[in-house]
1. Six or more apart or on different chains, Cβ atoms under 6 Å: show the pairs whose first residue is in segment 78-93 and closer than 12 Å to residue 221 by Cα and assigned by TED's automatic domain parsing to the domain that holds residue 63 and whose second is at pLDDT 95 or above and not in a loop (DSSP other than H, G, I, E, B).
């Protein structure tokens, strides 16, 4: 997985996360974030960003932490409430995250249900107590990169009692303008059969080592998806494999043992494609499928079932 994140302020210092730590958000060392952790069993508080609390002359989204309390005194907001009809997907409000310059230092717009750590070792801490295993994340977004080198991202993490990573997903936006609200979806990859104890979201207007000032990400109507077909929503019952490419437009390549049965299901549990593997690599044409999230199931000759997921664009 890609564990590299932005340095928000005070230089660019990349961190690489592991499945056990999942720490990689670097936030500026000049200021200390003091916002408290979110609590409760809802892993996505305020998912439509309809609830905001006024702090002085700006608003913060309820249930989400950001950098405003430290940058607003400088006249800079990286997280803001939007009300224009063209900037809202549903309801009255949405959130806008904007990469800004603060005294010549680049700070990406970021909001998270975890607490941002601004002293070494940089990263995030806390989050929301949560014990479920959703299948995927979804939401709606618009994006305007200030440069083709920039993109935003959405991330969701499930952790265990020891701080180990049980489930993880990170989806980057295109590095081109998305001017109207567009739905995103991405499957959560599970690395453990354990029950999660904690979760957090991270949304950011920039990704990578070179954030670009004025890149803007609008987000609304986040959700966690639970697959209604239980047999497809239990990665703990099988090995999880990768499907390439992912997301996909025309065809996917699946690695399996020869003579395996390869099936593709949509997220209503309907079989939409199947074939027998003739070699260790099988190419499947998925160009005719509707956009969305799909499950690939491989049944090997010895009866072992493996599952993977892909997003059809």
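The values are calculated or read from the model by the stated rules, or taken from the named source; none is laboratory data. Just so it is clear, the model here is predicted, and its values are computed rather than measured. Cβ coordinates were reconstructed from backbone atoms using ideal geometry, including for glycine residues, and neighbour counts include every protein chain displayed.
1. If the second residue must be at pLDDT 95 or above and not in a loop (DSSP other than H, G, I, E, B), the pairs left are 88/94; 89/140; 89/181; 89/220; 89/221; 90/221; 93/81.
Condition check ((1) buried (at least 19 other Cβ atoms within 10 Å of the Cβ); (2) over 26 Å from the mean Cα position of the chain (by Cα); (3) at pLDDT 90 or above; (4) closer than 30 Å to residue 76 by Cβ) across all residues:
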site	(1), (2), (3), (4)
209	no, no, no, yes
222	yes, no, yes, yes
235	yes, no, no, no
246	no, no, no, no
258	no, yes, no, no
